[in-house]
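K.L.:
For reference, the structure I am asking about is given below.
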Amino acid sequence: MSGGFGFKLSHLQAMLLFAVVISIAFGFLGKRRPVDRVKYIVWALFLFLLVGVGIGWAMYPFSR
Amino acid sequence: MEANKMVDETTAVAPQRDAKREAMAFAIAVAGWLVPGLGHALMKMWGRAVACFLTVGVLVLLGAGMRGNLFSSSGNDAFDSLGFVADMGTGTFYLAARSLEKEGPDVSHADGDYGTRFLATAGVLNLLAALHAFEAARGRKA
């Protein structure tokens, strides 16, 4: 956190936060039972991270 | 004769009830758009209401904290206009984000660019939640 109201996040932190928050929202909106929600949140989070890291590696050869 | 009269009354009342329900669903959707989670709270869906409020709130806080770009109505091109629509999806949180970003946006770094996406995502997510509340209020399975 920098001076005043502001955040300094790394790429990984930003991706993690984004994935966690969106997974929670999708889980609560998409499922009704608490157990189903937790399963959905974990699954969505896993897929977010997998796709995020996958795309990151797919772009690696073009990054230099 | 009596039976026919009863059928006529029933068929006349049903569309009125439907129209009232549609109007109520629309009001709930607008409430959900203006204040994230309010639409669900009005239907006593407390878990979803809290989840919507917190997730949209956290995304707006992070987006504004990372000095993301908040689009205005005076956009130069279609992307600016689309960005404005997405940002406006957060309802009153748009104004909160504006007041939080005292130093204005800074998209010269990756942080600011991510912040722009966080703010737009918050808006689209809130629009999705408002649509969900609308469908639930209409009686669709939600």
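K.L.:
Once you keep just the Cα pairs under 8 angstrom separated by 6 or more residues, what percentage relative contact order results for the range B:22-138?
P.N.:
Relative contact order for the range B:22-138 comes out at 40 percent.
K.L.:
Rounded to whole Å and sorted largest first, what semi-axes of the equivalent ellipsoid does the C-alpha gyration tensor of the range A:11-59 yield via the square root of 5 times each eigenvalue?
P.N.:
Each semi-axis is √(5λ); the values are 23, 10, 7 Å.
K.L.:
Too long at a 26 Å Cα-Cα cut-off: which of B:Lys20/B:Lys141; A:Lys8/A:Lys39; A:Lys39/B:Lys44; A:Lys39/B:Lys141; A:Lys8/B:Lys102; A:Lys39/B:Lys20? Intermediate values should be presented prior to the final figure.
P.N.:
Details: B:Lys20/B:Lys141 19 Å; A:Lys8/A:Lys39 31 Å; A:Lys39/B:Lys44 24 Å; A:Lys39/B:Lys141 20 Å; A:Lys8/B:Lys102 16 Å; A:Lys39/B:Lys20 37 Å.
Over 26 Å apart, Cα to Cα: A:Lys8/A:Lys39; A:Lys39/B:Lys20.
K.L.:
Take the alpha carbon atoms of the range B:88-142, find their center, do the same for the range B:10-78, and report the distance between the two centers in whole angstrom.
P.N.:
The distance from the Cα centre of the range B:88-142 to that of the range B:10-78 comes to 11 Å.
K.L.:
I need the calculated FRET efficiency for the pair B:Lys44 and B:Glu103, taking r as the beta carbon distance and R₀ as 35 Å, to the nearest 0.05.
P.N.:
Between B:Lys44 and B:Glu103 the formula returns 0.30.
K.L.:
If you line up the long axis of helix B:2-34 against the longest principal axis of chain B, both from Cα atoms, how many degrees apart are they, to the nearest 10?
P.N.:
Tilt of helix B:2-34: around 10 degrees.
K.L.:
Something else about it: Counting pairs of alpha carbon atoms under 8 Å apart in space and at least six apart in sequence, what relative contact order in percent does the range B:69-136 give? Could the numbers behind the result be given before it?
P.N.:
Details: 58 pairs, mean separation 26.4, N = 68.
Taking the mean separation of contacting Cα pairs over the length of the range B:69-136, I get 39 percent.
K.L.:
Another question, if that's okay. Going by alpha carbons, how many degrees (0 to 90, nearest 10) lie between the helix axis of B:110-137 and the longest principal axis of chain B?
P.N.:
The angle comes out at about 10 degrees.
K.L.:
Multiply the residue gap between A:Trp57 and A:Arg33 by 0.36 nm, knock off their C-alpha separation, and tell me the result in nm, one decimal place. All intermediate terms of the calculation are to be shown ahead of the outcome.
P.N.:
Values: separation 24, 0.36 × 24 = 8.64 nm, distance 3.59 nm.
The A:Trp57-A:Arg33 span can extend by a further 5.1 nm.
K.L.:
For the protein assembly as shown, what is the calculated [θ] at 222 nm in deg cm²/dmol (nearest 500), taking -39500 (n - 2.57) for each run of four or more DSSP H residues and dividing by its residue count?
P.N.:
-25000 deg cm²/dmol
K.L.:
Related question: Can you give the angle from 0 to 90° between the axis of helix B:78-88 and the longest principal axis of chain B, with both taken from C-alpha atoms, to the nearest 10?
P.N.:
Taking the Cα atoms of chain B, the angle to B:78-88 is about 70 degrees.
K.L.:
Kirkwood-based Rg over Rh for the protein assembly as shown (C-alpha set), two decimals? Intermediate results must be reported in sequence, preceding the final value.
P.N.:
On the way: Rg = 21.1 Å, Rh = 18.9 Å.
With Rg and the Kirkwood Rh in hand, the quotient comes to 1.11.
K.L.:
Given Cα pairs under 8 Å that are at least 6 residues apart, what percent is the relative contact order of chain A?
P.N.:
Taking the mean separation of contacting Cα pairs over the length of chain A, I get 27 percent.
K.L.:
Here's something else I'd like to know. Can you give the alpha-carbon Rg of chain B over 2.2 N^0.38 Å, where N counts its residues?
P.N.:
1.38
None of the figures in this text is laboratory data; all of them are computed from the coordinates on show. Small disclaimer: the values here were computed from a predicted structure and weren't measured. Backbone-built Cβ (ideal geometry, glycine too); neighbour counts: all protein chains shown.
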